[in-house]
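*Asks:* The structure's right below; bear with me while I get my questions together.
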């Protein structure tokens, strides 16, 4: 039977940690906690679940801290979680089954990418926002993230922030597969102030990333988002996001973000051209949605309608919103057509 080590880094996580560890204590074989300077009850809570609690001096580098946690692991597989995340108990068996099968049938796969559900009340304009009925959150959006991988000295984290094992996997030609076991992320329960403070830290470390890893596109994209969202510097935001797309032109998330920055500056024509060029590479319903919005903003209703209908055909997590947009556009088209006919009748009466 394949074994799993839970590897975590923490700092002042007494609000979340017990919930997180309770959610996976029956899934994992050992728990590794590397604490980077907590002054609350984080380490006390951690020791209820494990003796493997280690102090680590913070050095403004998440990858270094993550790699320290990996050094203490002894199991076959590594599961990485943050304190504000959980995995639902009913999904445990899916993880156990997949790593057991990998050991026998799929030895080439060394890592799994899991969907991370970000529950939110603040990012309802996210292109993948899904509305839900919940007492705490208005909805969530999903990103994919590698959080389950084989323990190996050749697999480790890179980058100061938004750290990832993907560069080391690429060097080893390691295969990454998708595992549809959601990680539920509840960061916003600590309040908007905590989120904003964390974003400021990420912003500073992303600038450090750019200096140390100038070809890491995500850092440019993230810095651009911070400039636009928090500093309201739209031109600076556009500059950084554009660099991210220059480095990874096939990354749909970066292309979409650039289109939003162009929209903010009311450069709808440039946004439309960007999105249409991406669609020459491949179809993506999010791109068609963004294209529909741009056409609608320019009062080009027929093309907006076509774009939204294409997004609907490809399948979308926001089907209801798209249908609402389509009905609104059809109403606009009907109103415009009526006005044209009305004008014809009016001019005829003048003859």
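*Asks:* Using a 10 angstrom cutoff on alpha carbons, build the Gaussian network for the chain and name the most mobile of 23, 100, 334.
*Replies:* Among 23, 100, 334, the largest mean-square fluctuation in the Gaussian network model of the chain belongs to 334.
*Asks:* Among bridges DSSP assigns within the stretch 4-192, what percent are antiparallel (round to 5)?
*Replies:* Once the DSSP bridges in the stretch 4-192 are tallied, antiparallel ones form about 45 percent.
*Asks:* Among 302, 85, 18, whose mean-square fluctuation peaks in a Gaussian network model of the chain (Cα, cutoff 10 Å)?
*Replies:* Most flexible of the set in this elastic network: 302.
*Asks:* How far apart, in nm, are the 7 Å Cα→Cβ label points at residue 134 and residue 264?
*Replies:* My value for the distance between the label points is 2.6 nm.
*Asks:* Another question, then. Rank by packing, highest mean first: peptides 36-47, 122-133, with packing defined as the count of other Cβ atoms within 10 Å averaged across residues.
*Replies:* So the peptides 36-47, 122-133, ranked by packing, come out 36-47, 122-133.
*Asks:* Note down the Stokes-Einstein diffusion coefficient of the stretch 233-328 in µm²/s, whole number, using a Kirkwood radius over alpha carbon pairs, 37 °C, and 0.692 mPa s.
*Replies:* Diffusion coefficient, whole number: 244 µm²/s.
*Asks:* Highest first, please rank the peptides 73-79, 2-8 by the mean number of other Cβ atoms sitting within 10 Å of their residues.
*Replies:* Final packing ranking: 2-8, 73-79.
*Asks:* Which values, in whole Å and largest first, are the semi-axes of the equivalent ellipsoid of the stretch 1-114 obtained as the square root of 5 times each eigenvalue of the Cα gyration tensor?
*Replies:* After scaling each eigenvalue by five and taking roots: 25, 16, 11 Å.
*Asks:* Next question. Would you calculate the separation in nanometres between label points at residue 154 and residue 125, each defined as 7 Å from the Cα along the Cα-to-beta-carbon direction?
*Replies:* A separation of 4.6 nm, rounded to one decimal place.
*Asks:* Another one. From the helices alone, meaning DSSP H stretches of at least four residues, give me the mean residue ellipticity at 222 nm for the chain, per-run term -39500 (n - 2.57), in deg cm²/dmol to the nearest 500. Kindly include the intermediate steps, with their values, before the conclusion.
*Replies:* Working: 13 runs with 175 residues, N = 351.
It comes out at -16000 deg cm²/dmol, rounded to the nearest 500.
*Asks:* Hey, what's the Kirkwood Rh for the chain if you take every pair of different alpha carbons, in angstrom?
*Replies:* Averaging 1/r across every pair of different Cα atoms and inverting gives 22.6 Å.
*Asks:* Another question about this same structure. Which order results if 289, 282 are arranged by neighbouring Cβ count within 10 Å, fewest first?
*Replies:* Numbers: 289 25, 282 9.
With the sparsest Cβ surroundings first, the list reads 282, 289.
*Asks:* Hey, another quick one. Under the Kirkwood approximation for Rh and a Cα-based Rg, what ratio Rg/Rh is obtained for the stretch 1-52?
*Replies:* 0.97
*Asks:* Same structure, new question: Over the chain, with a Gaussian network built from C-alpha contacts below 10 Å, which listed residue (155, 86, 333) shows the highest mean-square fluctuation?
*Replies:* Sorting by GNM fluctuation, first place goes to 333.
*Asks:* Indicate, rounded to the nearest 5 percent, the antiparallel portion of the DSSP beta bridges found entirely in the chain.
*Replies:* Details: 18 of 38 bridges.
The antiparallel fraction comes to roughly 45 percent.
*Asks:* Right, here's the next one. For the stretch 4-192, report the translational diffusion coefficient in µm²/s to the nearest whole number, using Stokes-Einstein at 20 °C, 1.002 mPa s, and a Kirkwood Rh over Cα pairs.
*Replies:* 125
*Asks:* Now, a different point. Given the C-alpha atoms of the stretch 174-303, compute the convex hull and give its volume per residue in Å³. Write down the numbers at each step before the final one.
*Replies:* Details: hull volume 20.8 nm³, N = 130.
In the stretch 174-303, the Cα hull volume divided by residue count equals 160 Å³.
*Asks:* For a paramagnetic label modelled at 7 Å from the Cα of residue 319 toward its Cβ, which residues of the stretch 123-138 fall within the zone defined by backbone nitrogen distances under 15 Å?
*Replies:* 130-131
*Asks:* Compute log10 of I(q)/I(0) for the stretch 36-98 with the Debye formula, placing one identical point scatterer on every Cα and leaving out solvent, at q = 0.23 Å⁻¹, to two decimals.
*Replies:* -1.27
Values in this text are rule-based calculations from the coordinates and carry no lab data. A quick note: this is a predicted structure, and the numbers were derived from the prediction, not measured. With ideal geometry, Cβ positions are generated from the backbone for all residues, glycine too; neighbour counts draw on all protein chains shown.
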